[in-house]
Each structure stands twice: as structure tokens, then as C-alpha cells.
1. Any chance you could count how many residues in the stretch 59-98 are in a strand (DSSP E or B) and polar (S, T, N, Q)?
2. Residue check: is GLU7 within 16 Å of the ligand (Cβ to nearest atom) and not hydroxyl-bearing (Ser, Thr, Tyr)?
3. Would you mind stating whether PRO55 is touching a helix residue (DSSP H, G or I) at 6+ places or on another chain (Cβ under 9 Å) and either closer than 23 Å to SER120 by Cα or charged (D, E, K, R) (or both)?
4. Tell me the residue from THR93, THR73, THR65, THR29 that is within 14 Å of the ligand (Cβ to nearest atom) and among the polar types (S, T, N, Q), please.
5. Looking at the stretch 39-50, can you tell me whether even one residue there is within 11 Å of the ligand (Cβ to nearest atom), among the small types (Gly, Ala, Ser) and either under 26 Å from SER83 (Cβ atoms) or not in a helix (DSSP H, G or I) (or both)?
6. Is there any pair with a first residue in the stretch 14-25 that is over 14 Å from ALA110 (Cβ atoms) and a second that is modelled with pLDDT of 95 or more whose Cβ atoms are under 7 Å apart and which are 6 or more apart or on different chains, and what are they?
Amino acid sequence: MKVLVIEDEPRMSQLLRRGLTEEGHTVDTCDSAARATESVRYADYDVIILDWGLPDADGITLLRTWRAEGLATPVLMLTARGSSGEKVLALRTGADDFLVKPFDFEELIARLEALHRRASAGRPAPRRWATCSFSERAGSSSGRPARSSSPAGSFSC
Ligand code: CA
């Protein structure tokens, strides 16, 4: 996955970059809302990790702007606080998932992968289907081709 990490705390940002890179992902980082907006306009990401508190804007405002502009990339929000009101606000603003710091890194990875999987499933003509084939069921007793509306055969991938 190509991941954009928007986080102004250098330690957290480095931790995320290192951990995600070790998992085999490509990571870009930025530490402000202005740089983040530049990044999402000029590059395509599979998922975005967005910190709620940034020095020049809050993550919610940023996310609201991006969604209004039509950005569809899955976004996982990070925050130090974690009231249910905040979670609801984040999700209603367009976040796809939410994690409260400190979080378990394995859980973060699993959530990012789930977001990516769901987003990929919604795209037309997924590449992974290209290797699947449909075989007609052999050995019909009448010898006629099946004419029923249900598929008479099986997919193999
Ligand atoms: Ca922050």
C-alpha cells in the first residue's frame, strides 16, 4: 500500500514510517495541513493516516475540505483524546476509521489493510480477477449445454 502519514509529532511520525515500511508499505510523511493538502493533490495514496491535532489546522477541518472536493481515499484518524462524541464527529465528517493514541501497532496495520481491502473491492475490474476462469460443468447426461440462468460450472482462481 502507498500510505500518507499526516502527523506533526516527530517521534510518532518516525514510528509510523518505520513500522509501515517494515511491513512492506511505501510511506510519505508530512507534518502540517498545508503540506498534506499538497501531497493529496499531487500523489495517489491507498490510505491516509490523519492526526486530529495539526499545527496549522485541525484534522477534521482538513478532512471536511477534502471530502467536499471529492477526495475518496480511505482515511484513518488518530487522536490523543477519544470521546465517543469525537469518534462520531470524525466518522460523520468522512473518516473511515478512528484510533486513539496510544494504539497497538498491529491493530493499526490490520485496520489499514481492512480499509484498503474495502476500497479495492469497490473499484471496477479488480486486477485480481484477471487470473480467474470459469469452467462449464462437464458430463451433462443429456449432452445439451446448460440453459438455466444459474451458472453451470465453477470459477477457479
Ligand atoms: Ca498532533
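1. Residues flagged as in a strand (DSSP E or B) and polar (S, T, N, Q) within the stretch 59-98 amount to 1.
2. Details: within 16 Å of the ligand (Cβ to nearest atom): yes; not hydroxyl-bearing (Ser, Thr, Tyr): yes.
Spelling it out, GLU7 is indeed within 16 Å of the ligand (Cβ to nearest atom) and not hydroxyl-bearing (Ser, Thr, Tyr).
3. For PRO55, the condition - touching a helix residue (DSSP H, G or I) at 6+ places or on another chain (Cβ under 9 Å) and either closer than 23 Å to SER120 by Cα or charged (D, E, K, R) (or both) - is not met.
4. Result of the check over THR93, THR73, THR65, THR29: THR29.
5. Checked the stretch 39-50: no residue is within 11 Å of the ligand (Cβ to nearest atom), among the small types (Gly, Ala, Ser) and either under 26 Å from SER83 (Cβ atoms) or not in a helix (DSSP H, G or I) (or both).
6. From residues that are over 14 Å from ALA110 (Cβ atoms), the pairs are LEU16/VAL5; LEU16/GLU7; LEU16/ILE49; ARG17/VAL5; ARG17/VAL27; ARG17/THR29; THR21/VAL27.
The values are calculated or read from the model by the stated rules, or taken from the named source; none is laboratory data. As the structure is a prediction and not an experimental result, all values here were calculated from the model. Note: ideal-geometry Cβ built from the backbone for every residue, glycine included; neighbour counts use all protein chains shown.
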